[in-house]
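Reading through the structure tokens given below for one structure.
Every number here is computed from the coordinates shown, using simple stated rules; none is lab data. Predicted, not measured: the structure shown is a model, and the values here were computed from it. A quick note on method: Cβ atoms are made from the backbone with ideal geometry, for glycine too, and the neighbour counts reach across all protein chains shown.
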Amino acid sequence: DAKTTQPPSMDCAEGRAANLPCNHSTISGNEYVYWYRQIHSQGPQYIIHGLKNNETNEMASLIITEDRKSSTLILPHATLRDTAVYYCIVRVGAGGTSYGKLTFGQGTILTVHP
Amino acid sequence: IAGITQAPTSQILAAGRRMTLRCTQDMRHNAMYWYRQDLGLGLRLIHYSNTAGTTGKGEVPDGYSVSRANTDDFPLTLASAVPSQTSVYFCASSPDAQYRLEAFFGQGTRLTVV
């Protein structure tokens with residue numbers, strides 16, 4: 001699975017959009033980009049995933065560059081409850097290893113302040 | 001409420017004792033996983049199960065065993081606990097192990113081995 005690089009920390013004002021970047025320059029054609037977050041003392045929470053098209057759900061939007069070497073998770077109106085560690089994970093969607101191992105790196109600590 | 005349940009939420013265990021961490025999901029997911037989370041080391045996969053009746057080893061399987069007798073349950077057993085197994089343990093499930101990796105995590109079991 002491709003390695004990902006994320007900034008260790010970011011700040012965002014409440015009500016503003018939070019844009020969390022992720023670099024995955026070695027991503028291959030059949031690898032998906034997954035985003036999870038972990039709020040303090042809780043289990044990780046799935047947010048969104050995509051292959052090459054931009055994706056949106058009720059939690060966030062995922063923008064993947066045309067060359068797929070990087071992506072951005074967008075929380076359109078951040079709240080204090082969005083303060084968490086955000087993990088960007090690249091994973092083969094089919095084939096490859098026979099199990100769904102999600103390799104969690106160090107992630108980005110997002111702090112939303114009033 | 002549909003989801004994934006872990007028990008106990010926390011436990012203090014004497015070294016050398018046997019312990020089983022319980023995990024149950026009601027989403028009829030095929031794949032289930034056990035992770036441990038330690039400060040500075042992130043989340044690491046212990047064991048996984050692609051479907052009922054099958055299990056496999058993750059990154060850090062030594063000292064742990066699992067079984068998957070049915071779809072819903074995936075217990076993790078420490079045969080003889082050691083202090084290095086002090087950690088927070090997360091159970092997770094996903095619709096399958098290859099195509100659908102939107103994993104749902106439990107709230108964790110905080111285990112202290114003394």
Completion exercise
For the range B:33-105, shape from the Cα gyration tensor axes a ≥ b ≥ c, cut at a/c of 1.5 then a/b versus b/c, turns out oblate
Exercise for the section: Could you pull out the longest piece of chain B with no exposed loop trypsin sites (Lys or Arg not before Pro) in it, calling a site exposed if DSSP puts it outside H, G, I, E, B and it has at most 15 other Cβ atoms within 10 Å? Expected result: B:29-99
Practice task
Work out the length of the dipole vector of chain B about its Cα centre, built from +1 on the beta-carbon of each Lys and Arg and -1 on the beta-carbon of each Asp and Glu, and round it to the nearest 20 debye.
Solution key: 240 debye
Completion exercise
Rounded to the angstrom and largest first, Cα extents along the principal axes for the range B:1-66 equal 35, 26, 25
Exercise for the section: State, to one decimal in nm, how far the label point of B:Thr9 lies from the label point of B:Arg28, with both points 7 Å from Cα in the Cβ direction. Expected result: 3.0 nm
Exercise for the section: Could you go through the range B:107-113 in sequence order and give the Karplus-derived ³J(HN,Hα) for each residue, using 6.51 cos²θ - 1.76 cosθ + 1.60 with θ = phi - 60°, rounded to whole Hz, and x for Gly and Pro? Expected result: 7, x, 10, 8, 10, 10, 9
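Using a Förster radius of 22 Å, what is the FRET efficiency between A:Gln106 and A:Asn57 based on their Cβ-Cβ separation? Nearest 0.05, please. Don't skip to the end; give the middle numbers.
Working: r = 25 Å, r/R0 = 1.12.
Taking R0 as 22 Å, the efficiency between A:Gln106 and A:Asn57 is 0.35.
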Problem - Between the range B:1-74 and the range A:1-64, the alpha-carbon center distance in angstrom - result: 25 Å
Exercise for the section: Among A:Glu31, A:Glu58, rank each residue by its count of other Cβ atoms within 10 Å, from fewest to most, as a rough exposure measure. Expected result: A:Glu58, A:Glu31
Completion exercise
For the protein assembly as shown, the Cα-Cα pair-distance distribution in 10 Å bins from 0, as whole percents, is 8, 32, 34, 20, 5, 0
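Within a Cβ distance under 11 Å of B:Tyr89, other residues only, what is the Lys/Arg minus Asp/Glu net charge?
Working: positive: B:Arg22, B:Arg36, B:Arg44, B:Arg110; negative: B:Asp38.
Summing Lys and Arg as +1 and Asp and Glu as -1 gives +3.
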Completion exercise
Candidate cut points under trypsin sites (Lys or Arg not before Pro) in the range A:54-84, DSSP loop plus at most 16 other Cβ atoms within 10 Å of their own Cβ, are A:Lys69
Completion exercise
Per principal axis, largest first, the Cα atoms of chain A extend in Å by 44, 31, 24
